[in-house]
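Chemist: Pasting a structure below so you can have a look.
The values are calculated or read from the model by the stated rules, or taken from the named source; none is laboratory data. On a predicted model such as this, the values are computed, not experimentally measured, just so you know. Cβ sites come from the backbone with ideal geometry, for glycine too, and all protein chains shown count toward neighbours.
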Amino acid sequence: MNIGWDFRREQLRPEQRSHYVITNGGDQPNVIPPLASVWYFFRELDFENIKKNYEIGNKIAEAAAMMTDTKMTRKVVGVAAPRHFNKPIAEAMQGNIDKVGLPQWTEDEQQFARAVQRLSDGKEDGLPSTFKKLEAPPAQPESGGSDDIGDVSWVAPTVTLRYPANIPNLPGHKPITPLASIPFVLFARKDIPANNLKDLVAWLKGHTGQASAGMNTLSLRLVATFFQKQTGTQFVIVPYRAAVSVIEDLVAGRTDLAIDTPIRLPLVQSGNIKAYAVTSEARLAVAPDIPTFAELGLPALSYSQWYGLFAPTGTSQSIVDKLKFAAVEALADPVVPARLAPFGMELFPHERQTPEALAAMQKADAEKWWPLIKELGIKAE
């Protein structure tokens, strides 16, 4: 049944949420149990669609039983309800919000907000200085399945509160699916006197402020700065316009370090530069002898640059669905990973090729890097 549901899930409304757990799968490997059971949650925005998904699940279970010549039974053990919020509590909370007032935004925060709005061709009025009036829940929500908040709201008075720090007047976007990811590798000039990461860190600490690292993008600068904070080292970050110039100076010995993608690994294999660690969660198939930062005791440096497919906010759901289907179908072609592998790029597993996974990745990156961006004083221009 689970395989059938996973395939059918791709054809359901994006608003739905479904989860399952195998509560009884047998007690021995490679032995078909006399009884197996699975527990499903079907969630949606309203009761009508919850019921539709429940009926689809029943059909898949019945078909699985017919396919395996077994019998099945089902039992409803609970109900996932749409959200049902409490107006009196919302009004009381709004009264307290009015007394407390909005945060006092700094001029730096307002400048950053206006710069982002300018880049997005939005109205440049910065972060809000006044409250919106209390609003009722939308009659027809556009996203978010019935969840634990919805379940609780029918048995206990419930409201939701949003902190007013999101920058307004932005076009926004709809996540469609993650595409591929590529990690970073820490490289060094070939004659640097360190044969592993531990020795390199020791060498850097012995040459505080003297070593140099070429970086040509903001993302690489962030990774390099994060590396310094995690290892207690300090070196000069030299800005470059082009990646090829970074590598040329590293090969020539004019700089000491660089962080780049696995595309530079042939220079390691030819002895022109050294490689110490990779930011991926697992070792690279194209360079299995290079350890990960996590292996070397620096799990916080596990990070991969990723590519995802988005659509502008307002794009019809039918178009979003078609784009997701086409992207996932294209990624399933064996030619795609074969073409990406030489560059150190990997596709996301099929189960992570979802809008929810892409949105979660975006949120996680913001939480990981924003404190460092703020600390460094990096501003949009």
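Chemist: Here are some conditions: (1) modelled with pLDDT under 90; (2) over 21 Å from Ala139 (Cα atoms); (3) not assigned by TED's automatic domain parsing to the domain that holds Pro138. Gly57 meets all but one. Which one does it not meet?
Modeler: (1)
Chemist: Follow-up question, since we're still on this one. Can you tell me which condition Lys229 does not meet? The list is (1) in contact with a Pro (Cβ under 8 Å, 6 or more places away or on another chain); (2) surrounded by 12 or more Cβ atoms within 10 Å (Cβ to Cβ); (3) not hydrophobic (A, V, I, L, M, F, W, C), and all the others hold.
Modeler: Exception for Lys229: condition (1).
Chemist: Among Ser219, Ser153, Ser181, Ser212, which is touching a residue at least 40 places away in the same chain (Cβ under 8 Å), in contact with a His (Cβ under 6 Å, 6 or more places away or on another chain) and not aromatic (Phe, Trp, Tyr)?
Modeler: None of the other options fit; the residue is Ser153.
Chemist: Before we move on, is Val100 free of Cβ contacts under 8 Å to residues at least 12 places away in the same chain, out of contact with any Asp or Glu (no Cβ under 6 Å at 6 or more places or on another chain) and exposed (fewer than 14 other Cβ atoms within 10 Å of the Cβ)?
Modeler: So Val100 passes the test.
Chemist: Cβ-Cβ distance below 9 Å, separation of 6 or more or different chains: which pairs start in segment 50-73 with a residue that is over 18 Å from Gln11 (Cα atoms) and among the hydroxyl-bearing types (Ser, Thr, Tyr) and end on one that is at pLDDT 90 or above and surrounded by 14 or more Cβ atoms within 10 Å (Cβ to Cβ)?
Modeler: So the pair list comes out as Thr70/Ala36; Thr70/Ala64.
Chemist: Tell me which residues, restricted to segment 238-248, are surrounded by fewer than 18 Cβ atoms within 10 Å (Cβ to Cβ) and either outside the structural domain of Leu265 (by TED's automatic domain parsing) or assigned to a helix (DSSP H, G or I) (or both).
Modeler: Of everything in segment 238-248, those that are surrounded by fewer than 18 Cβ atoms within 10 Å (Cβ to Cβ) and either outside the structural domain of Leu265 (by TED's automatic domain parsing) or assigned to a helix (DSSP H, G or I) (or both) turn out to be Val244, Ser245, Glu248.
Chemist: For segment 143-237, give me every one of the helices (runs of 4 or more DSSP H) that falls completely inside it and has 1 or more residues that are modelled with pLDDT under 95, more than 20 Å from the chain's Cα centre (by Cα) and not assigned by TED's automatic domain parsing to the domain that holds Pro355.
Modeler: By residue number, 148-153, 218-231.
Chemist: On the basis of being at pLDDT 95 or above and of a type in the set (Gly, Ala, Ser), does Ala359 make the cut?
Modeler: no
Chemist: Additional query: Among the residues of segment 1-51 satisfying the criterion of being loosely packed, with under 14 Cβ neighbours inside 10 Å and among the β-branched types (Val, Ile, Thr), which is farthest from Ile319 (Cα to Cα)?
Modeler: The extreme case among them is Val31.
Chemist: Any idea how many residues of segment 349-364 are surrounded by 14 or more Cβ atoms within 10 Å (Cβ to Cβ) and assigned to a helix (DSSP H, G or I)?
Modeler: Within segment 349-364, residues that are surrounded by 14 or more Cβ atoms within 10 Å (Cβ to Cβ) and assigned to a helix (DSSP H, G or I) number 8.
Chemist: Moving to a separate point now. In segment 30-38, is there at least one residue being part of a strand (DSSP E or B), within 28 Å of the chain's Cα centre (by Cα) and more than 21 Å from Trp154 (Cβ to Cβ)?
Modeler: Taking every residue of segment 30-38 in turn, none turns out to be part of a strand (DSSP E or B), within 28 Å of the chain's Cα centre (by Cα) and more than 21 Å from Trp154 (Cβ to Cβ).
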